[in-house]
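Written out below as structure tokens is the structure these notes cover.
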Amino acid sequence: MRAAPFRGVIACANLKGGVGKSTIAVSLAAALAERGREVLLFDADQQRTSALWAERGRLPMAVRAHPWRAESVAADWRAEIAAAGATGIAVIDCPPSLEGATQAAVMLADLVLVPVTPSGADLFATQRALELVRAARAVRQGAPRVVLVPSRVDTRTAVGRELAAALGDFGEPVAPAIGLRTKFVDCFTTGDWVGGFAPGSTAAAEIQRLTTSILEMLDGHPTEENA
Ligand SMILES: Nc1ncnc2c1ncn2[C@@H]1O[C@H](COP(=O)(O)OP(=O)(O)O)[C@@H](O)[C@H]1O
Ligand SMILES: [Mg+2]
């Protein structure tokens, strides 16, 4: 039997800035779009990283900027994301915070990706993100799922090599790692995603591997809420 293609909401969130939330959200959304999925990326961060990334028109999916301004836009924002998730895949690039937009995103999401870099402080931030996810699960029949994504991993260092094992201790799934690679920085400058900018690169291969693992997890496995 063929698995039903996933439709729903994926949020990319972490308390910390600079961990690769926007890079992973844009790359994943683009890879999903290239695989024929209907994808809309929501930039919920006032820094507008993914909205700026999209400005040159080289990304294979549309990006909507919805910086969180408390109550005023919250209801519209939720409705728009829910509508996009009902017809295809909505990816939310969250701000570096576990409040406001991120809280709303975690309440809407089927899956929360938490990028984690190899530093001690990041493990603390990861714990906080998981607490937010578990609070949502308490009121949402077990949703959302969560995946920890080792991000900006320098495999030349011991701490980089050991990150995936350290993340396993949180008791949640750990995705294939995204390395610390200049291609991720350079592609942002050109407005392309890494699979368009450097299709044969290790960086692009890592994004494809991440995308495959996420789809394997989601396709044919609707969350209880959406079943
Ligand atoms: N895997 C990576 N390798 C190298 N640089 C990266 C990687 N991921 C992100 N960066 C760079 O780190 C900075 C912060 O990344 P970004 O995705 O904007 O993080 P966040 O959204 O969590 O603040 C950017 O300059 C980006 O190009
Ligand atoms: Mg960002």
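Here are a few things to note about the model shown:
- ALA83 being small (Gly, Ala, Ser) and surrounded by fewer than 15 Cβ atoms within 10 Å (Cβ to Cβ): yes
- Check on GLY196, more than 20 Å from the chain's Cα centre (by Cα), of a type outside the set (Asp, Glu) and closer than 25 Å to GLY57 by Cα: no
- Matching residues in the stretch 90-107 - criterion: being more than 20 Å from GLN127 (Cβ to Cβ) and touching an Asp or Glu at 6+ places or on another chain (Cβ under 7 Å): ASP93
- Considered as a group, the residues in the stretch 97-127 that are of a type in the set (S, T, N, Q) and out of contact with any Phe, Trp or Tyr (no Cβ under 7 Å at 6 or more places or on another chain) include one that is surrounded by the fewest Cβ atoms within 10 Å (Cβ to Cβ), and that residue is GLN127.
- Selection within the stretch 177-190 - farther than 15 Å from THR117 by Cβ, open to solvent by 40 Å² or more (accessible area, probe 1.4 Å) and not β-branched (Val, Ile, Thr): LYS183, ASP186, PHE188
- Only a single criterion out of (1) within 16 Å of ligand 1 (Cβ to nearest atom); (2) open to solvent by less than 10 Å² (accessible area, probe 1.4 Å) is not satisfied by GLY18, namely (2).
- Within the stretch 205-216, the residues that satisfy the criterion of being within 14 Å of the chain's Cα centre (by Cα), away from ligand 1 (no atom under 15 Å from the Cβ) and either open to solvent by 10 Å² or more (accessible area, probe 1.4 Å) or over 19 Å from ARG7 (Cα atoms) (or both) are THR212, SER213, LEU215.
- Those residues of the stretch 128-162 which are within 16 Å of ligand 1 (Cβ to nearest atom), closer than 22 Å to LEU210 by Cα, surrounded by fewer than 17 Cβ atoms within 10 Å (Cβ to Cβ) and of a type in the set (D, E, K, R), in sequence order: ASP154, ARG156, ARG161
- Residues of the stretch 25-51 satisfying the condition of being within 10 Å of ligand 2 (Cβ to nearest atom), more than 17 Å from LEU98 (Cβ to Cβ) and not small (Gly, Ala, Ser): VAL26, ASP43, ARG48, THR49
- Residues that are more than 9 Å from ligand 1 (Cβ to nearest atom), over 20 Å from SER213 (Cα atoms) and in a loop (DSSP other than H, G, I, E, B) within the stretch 163-195 comprise GLY191, ASP192, listed in sequence order.
- Just one of the listed residues (GLY120, GLY88) is over 21 Å from HIS66 (Cα atoms) and of a type in the set (Gly, Ala, Ser), and it is GLY120.
- The stretch 21-57 - residue that is basic (Lys, Arg) and within 16 Å of ligand 1 (Cβ to nearest atom) and, of those, least open to solvent (accessible area, probe 1.4 Å): LYS21
The values are calculated or read from the model by the stated rules, or taken from the named source; none is laboratory data. Here the structure is a predicted model, which means the values were calculated and not measured. We place every Cβ from the backbone using ideal geometry, glycine too, and count neighbours over all the protein chains shown. We work out accessible area using only protein heavy atoms, side chains counted, and drop any ligands, DNA or RNA first. Shrake-Rupley method; radii C 1.70, N 1.55, O 1.52, S 1.80 Å.
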